[in-house]
Structure formats: structure tokens, C-alpha cells
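Scroll down for the structure; my scribbles are underneath it.
The values are calculated or read from the model by the stated rules, or taken from the named source; none is laboratory data. Values in this document were obtained by computation on a predicted structure and should not be read as measured data. Ideal geometry is used to build each Cβ from the backbone, glycine not excepted, and the neighbour counts take in all protein chains shown.
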Amino acid sequence: MSIVALIFIVVLFLVIISLLMSEQGKELRDYISFFTSGIDAGFKPEQLFYLGKIGRGLKFEQLSLIFKYLSHLDRCISEIVLRSRQTGSENDPVTQHLLSRLYKVRTKIELDQSQKKHGLTSTREINPGQRIRILLRGTGVFSSRVIKNGSRSITIEYPVGTANRPATSIDWVGRSVNVYFWRQSDAGYVFDTVFIADPAFTGKAILQLAHSNNLVRSQKRKSIRVKCSIYAQMYLIKPGETIDNLLEPEPGMKCLLEDLSEDGAMVMIGGKAVKNIRMKLQFMIHDVLIVMAGTVRAVEFNKETKQSRIHFDSTELNPRMKNAILTFVYNVLPEEEKEELDAIRLTEEDGKDESGPNGKNVPDSRIDTVSELPEMPDFLGK
């Protein structure tokens with residue numbers, strides 16, 4: 001390499017460094033960071049160019065913050081929703097694909113923040129009343145409940161087995177076990193521990209578990225749910241019938257959605273429901289008709305009110321319906337369009353003073369209207 005070429009490369013390098021250190025260079029570094037983060041998140045270049053244009057229109061000082069802060073991401077989504085409605089392109093596959101990608105990023109940020117804020121890091125954080133499953137290898141699985149969580153150990157009710165595996169026949173002290181539990185609105189956890197002796201509780205129907213340093217979060221949430229109060233039509237699928245996501249032209253059973261996410265809902269109905277039945281839900285969110293098909297995964301039946309809360313898991317929705325639900329869940333509509341959804345989108349504050357069936361907090365208006373729900377047909381209770 002000649003001396004002239006070497007000098008040229010050095011000068012060019014110094015010019016680039018000088019440019020990057022200038023105010024214009026700061027903007028260039030931010031744009032490169034924004035573009036790199038977007039590519040890593042699965043966005044296409046044309047989507048990033050458009051998103052960058054949105055961010056500049058919103059006067060963001062740093063475009064790279066779009067993929068870091070929910071406030072920036074929400075403003076971008078809201079602006080895209082507004083523009084798509086103004087141009088009539090809200091049903092355009094290109095628009096829906098961009099919104100789907102943005103919501104995927106937003107859900108990840110929200111779940112990561114929720115895990116850091118609400119996730120357990122120690123067995124000392126397990127609350128009294130927590131139901132647990134105890135696996136004694138070679139013997140079986142037993143049920144119990146935490147009574148007290150002390151500095152030295154966890155006090156639990158005497159485990160309950162089955163007729164073929166009675167817990168009373170087992171000498172628990174000194175036995176190593178795996179403990180599993182599901183923490184409401186969080187995730188599943190598992191830890192290894194051992195039963196320890198405690199003379200102070202000898203002869204009582206309780207046992208002591210040693211604390212563990214290996215608490216593992218075994219099942220992470222995949223979606224964000226929001227409390228709501230939405231009347232819907234329910235369609236029950238009989239055994240042998242096919243299930244689909246097509247619109248049902250006839251009215252179904254009236255039911256009430258108490259929470260909602262992109263992959264399921266909590267549904268209040270009259271009568272006693274059963275697990276593993278297939279069904280469809282049909283309802284409106286703003287101006288979008290939603291049809292969710294899926295399966296009942298769990299049921300909470302209240303004998304006093306003769307009502308059931310159904311934990312419903314939905315199959316995959318089409319992008320338009322899924323994005324409409326996520327727009328509702330994250331409340332990212334333009335400000336002038338939020339009022340209608342605010343009437344059915346609830347917060348924790350809405351129900352903290354009143355207790356509904358099963359001790360769940362619900363507003364007064366829902367307690368009155370839920371009594372109007374029809375009971376489920378007889379074939380589901382058989």
C-alpha cells in the first residue's frame with residue numbers, strides 16, 4: 001500500500017470519527033441503534049423506515065427508545081392506528097403485520113418488567129394460603145397448603161394423597177421432595193427441598209419444609225390480561241362437531257367476559273360448566289367483531305349463586321382480531337377514541353371495595369347483571 005493511500009484511509013477514518021462525535025453524528029448513531037434493534041426484533045427495513053418517520057413526527061429525541069420504553073411504543077402504535085383509520089387502511093395486511101410485530105415487542109417488554117417487579121426470587125416470599133403440589137419420587141404426588149412462612153422453614157398442612165397413596169402412611173421427616181405451585185397472575189414455580197423435624201410442632205397435623213435457594217420459574221406467562229366487563233355470545237360445541245373461527249349468524253348464550261387477552265378470557269356464565277368442552281365467543285371491541293374459538297381449561301363453580309367462572313383458552317386469532325384485542329388490552333387508542341372502551345375496560349381500583357362470587361372483586365353493576373345470565377344446557381353437565 002502506498003503512502004498516499006494510507007494517508008487517505010487515516011484521514012477518512014478521522015473524518016468519520018469527527019462526524020460521529022458531532023451533533024449530526026449523535027443522530028446518526030441513534031438511528032443506527034434504532035435500526036439494529038428493529039432488525040433484531042424481526043422488523044423489515046421498510047417497516048423501520050416508516051416507524052422512524054412516525055417517531056420523528058412525534059418529535060422523539062431518540063428513536064432507539066421506541067424499543068425500550070412502553071410510553072414511546074404506545075405513542076407509535078396509537079399514531080399508526082389513527083393514521084390507518086384516517087386512510088382506510090386498518091384492514092390492510094401490511095398495516096396489520098406491522099401492528100402485530102409492534103405488539104409482540106410490547107408484550108415482551110411488559111412481561112419482562114412484570115417478572116422483575118412481581119416474580120418470586122426466594123421461597124421466603126411464598127405467601128400463606130398458597131396451594132402446593134409435592135412430588136415424592138417413587139411414591140406419588142400430594143396436595144397441601146402453606147400455613148406460615150418463617151425465617152427457618154415453611155409450615156404446611158399435612159399433605160393429602162389418594163386412597164391408593166395415603167399420606168399418613170409416610171414418614172415425611174428427612175424426605176427429599178419437589179414442590180410445585182402456581183402463583184396467581186404470575187407463573188408456575190418449582191423447587192427442591194426436604195422435610196425437617198421441629199419439636200415445637202410434634203404431634204400436630206402440620207409439617208415443615210426447609211427453605212430452598214433454587215426456586216425456578218417454570219412456566220412464564222405469554223400474554224397480558226386486562227380486567228373488563230364485556231357481554232358476549234357463547235356457542236357450545238357438542239362432541240363430534242367441528243370448531244372454527246367463522247362468524248355465527250344466530251344469537252348464542254349470553255355471557256360476561258371478566259378479563260381478556262389475545263389468547264383467552266375469564267368468562268362468567270349461569271349454571272355449572274365442565275372442563276375441556278369446546279366453545280366459541282363472539283363479541284365486539286370498538287368497531288371490530290371478535291370470534292374466539294377454544295377450550296375450557298378450568299372452572300370455578302359457586303354453589304350459592306349457581307354461576308361458573310370459565311378459564312377459556314383460545315386458538316390463534318386472525319391478525320385483525322388479535323390486534324384489536326391488543327389495542328384494547330394496552331389501551332393505545334388515540335385519546336379521542338378511548339372513552340368508549342374505558343366504559344368496559346376495568347382496573348384493579350374498579351373492584352377493590354366490593355366482593356363478588358368466590359371472593360373475586362367485581363363492580364356492583366356486574367353483580368346485578370350477571371344474575372340475568374342463562375344456565376348452560378343439560379348436555380354439558382352429563
Subset of region 27-47, residues surrounded by 14 or more Cβ atoms within 10 Å (Cβ to Cβ) and either small (Gly, Ala, Ser) or not assigned by TED's automatic domain parsing to the domain that holds Leu99 (or both), comes to Ser33, Ser37, Gly38, Ala41
Review point. Looking at this structure, is Leu73 at pLDDT 90 or above and under 26 Å from Ser37 (Cα atoms)?
Key: yes
When region 42-86 is checked residue by residue, the ones that are assigned to a loop (DSSP other than H, G, I, E, B) and polar (S, T, N, Q) are Gln62
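Do you know which of the residues in region 120-132 that are crowded, with 17+ Cβ neighbours inside 10 Å and not hydrophobic (A, V, I, L, M, F, W, C) is nearest to Val173 (Cα to Cα)? Outline the logic, then answer.
Initially, region 120-132 is screened for residues crowded, with 17+ Cβ neighbours inside 10 Å, giving 120, 123, 126, 130, 132.
Next, from what is left, pick out any that are not hydrophobic (A, V, I, L, M, F, W, C): 123, 130.
Values: Thr123: 19, Gln130: 21 Å.
Checking each candidate, the answer is Thr123.
Considering only region 133-144, state which residues are part of a strand (DSSP E or B) and either loosely packed, with under 12 Cβ neighbours inside 10 Å or under 25 Å from the mean Cα position of the chain (by Cα) (or both). Lay out the reasoning, then the answer.
Step one: of region 133-144, the residues part of a strand (DSSP E or B) are 133-136, 140-144.
Within region 133-144, Arg133 is the sole residue that qualifies.
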Selection over region 101-113 where residues are surrounded by 15 or more Cβ atoms within 10 Å (Cβ to Cβ) and either polar (S, T, N, Q) or more than 16 Å from Tyr330 (Cβ to Cβ) (or both) yields a count of 1
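Given region 216-310, what strands (runs of 3 or more DSSP E) lie entirely inside it while holding 2 or more residues that are under 21 Å from the mean Cα position of the chain (by Cα) and touching a residue at least 40 places away in the same chain (Cβ under 8 Å)? Walk me through it before giving the result.
On the way: elements: 216-219, 226-237, 253-261, 264-270, 278-285, 288-302.
Per the criteria, 226-237, 253-261, 264-270, 278-285, 288-302.
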Taking region 82-93 and keeping only residues that are loosely packed, with under 13 Cβ neighbours inside 10 Å and under 26 Å from the mean Cα position of the chain (by Cα), one is left with Asn91, Pro93
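Based on what the data block shows, is Ile54 surrounded by 11 or more Cβ atoms within 10 Å (Cβ to Cβ), in contact with an Asp or Glu (Cβ under 6 Å, 6 or more places away or on another chain) and at pLDDT 90 or above? Please lay out each step first, then the result.
Values: surrounded by 11 or more Cβ atoms within 10 Å (Cβ to Cβ): yes; in contact with an Asp or Glu (Cβ under 6 Å, 6 or more places away or on another chain): yes; at pLDDT 90 or above: yes.
Yes; evaluated as a whole, the condition is true for this residue.
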Over region 101-131, the set of residues modelled with pLDDT of 90 or more and outside any helix (DSSP H, G or I) is Ile126, Asn127, Pro128, Gly129, Gln130, Arg131
